[in-house]
1. For region 1-55, name all the residues that are among the basic types (Lys, Arg) and within 19 Å of Gly68 (Cα to Cα).
2. Can you tell me how many residues within region 81-136 are under 16 Å from Ala168 (Cβ atoms), touching a residue at least 24 places away in the same chain (Cβ under 8 Å) and not hydroxyl-bearing (Ser, Thr, Tyr)?
3. Within the set of pairs 6+ apart or on separate chains, which have a first residue in region 16-28 that is without any contact (Cβ under 8 Å) to a residue 60 or more places away in the chain and of a type in the set (Gly, Ala, Ser), a second that is part of a helix (DSSP H, G or I) and surrounded by fewer than 20 Cβ atoms within 10 Å (Cβ to Cβ), and C-beta atoms under 8 Å apart?
4. Could you run through region 162-186 and say how many residues are assigned to a loop (DSSP other than H, G, I, E, B) and within 13 Å of Leu139 (Cα to Cα)?
5. Quick check on region 144-161: of everything there that is assigned to a helix (DSSP H, G or I) and in contact (Cβ under 8 Å) with a residue 60 or more places away in the chain, which residue is farthest from Tyr75 (Cα to Cα)?
6. Inside region 145-157, can you point out the residues that are under 18 Å from Ala125 (Cβ atoms) and in contact with a strand residue (DSSP E or B) (Cβ under 6 Å, 6 or more places away or on another chain)?
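FYI, it's all coordinate maths here, none of it is from the lab. Please read all numbers here as calculations on a predicted model, not as lab measurements. Cβ coordinates were reconstructed from backbone atoms using ideal geometry, including for glycine residues, and neighbour counts include every protein chain displayed.
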Amino acid sequence: MMNNMRAGLLLIDIQNDYFDKGAMTLVNPEEACANAKRILERFRSEKLPVIFIQHIAANPAATFFLPGTAGAEIYPSIQPVEGEKVIVKHFPNSFRDTDLMDYLRKSNITDLVICGMMTHMCVDATTRAAKDLGYNITLIGDACATRNLEIHGEIVSASDVQNSFLAALNYFYSSVKSTSQYLNKE
């Protein structure tokens, strides 16, 4: 059975609107993207499947990832190359109303390595859905980014949001690792 296991890299919503001067700037997206790129380079060197998830807003009231805008494009330093799958989604869960599940099955992918943005939204929703669908998940925490949130008039720092979501996902839904831990097989 172990010989049938195959990993795939899922890069979620690493898009221009999350970076400096974007419509929904995150905290430290450049650092997260640089780490995701290191993971991407490993997958490419080992000729393992890479799947880019690109969120395009379907809601007319949306303020970012608007169709046909530069903000919705995948960030320049982490562009897909020929043969890598790009899946467009309209909801936080990358499986909802997409062909992601079919693609993973046809590609015999059993294990997912996940990087992306926003940790508290699309990364969280996709990680939980993937685990519920039977995938083994490694989440690269420092290759994900989020932003400050607000509740009841109180600001929750991006650092606290990030740590809380990663801690919650590390319990059952995934094994959270740093880029270095993953690349060094720790």
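1. Across region 1-55, the qualifying residue is only Lys21.
2. 13
3. Between residues of region 16-28 that are without any contact (Cβ under 8 Å) to a residue 60 or more places away in the chain and of a type in the set (Gly, Ala, Ser) and residues that are part of a helix (DSSP H, G or I) and surrounded by fewer than 20 Cβ atoms within 10 Å (Cβ to Cβ), the close pairs are Gly22/Gly71; Ala23/Gly71.
4. Of the residues in region 162-186, 4 are assigned to a loop (DSSP other than H, G, I, E, B) and within 13 Å of Leu139 (Cα to Cα).
5. Filtering first and then ranking leaves Ser159.
6. Ala145, Arg147, Leu149
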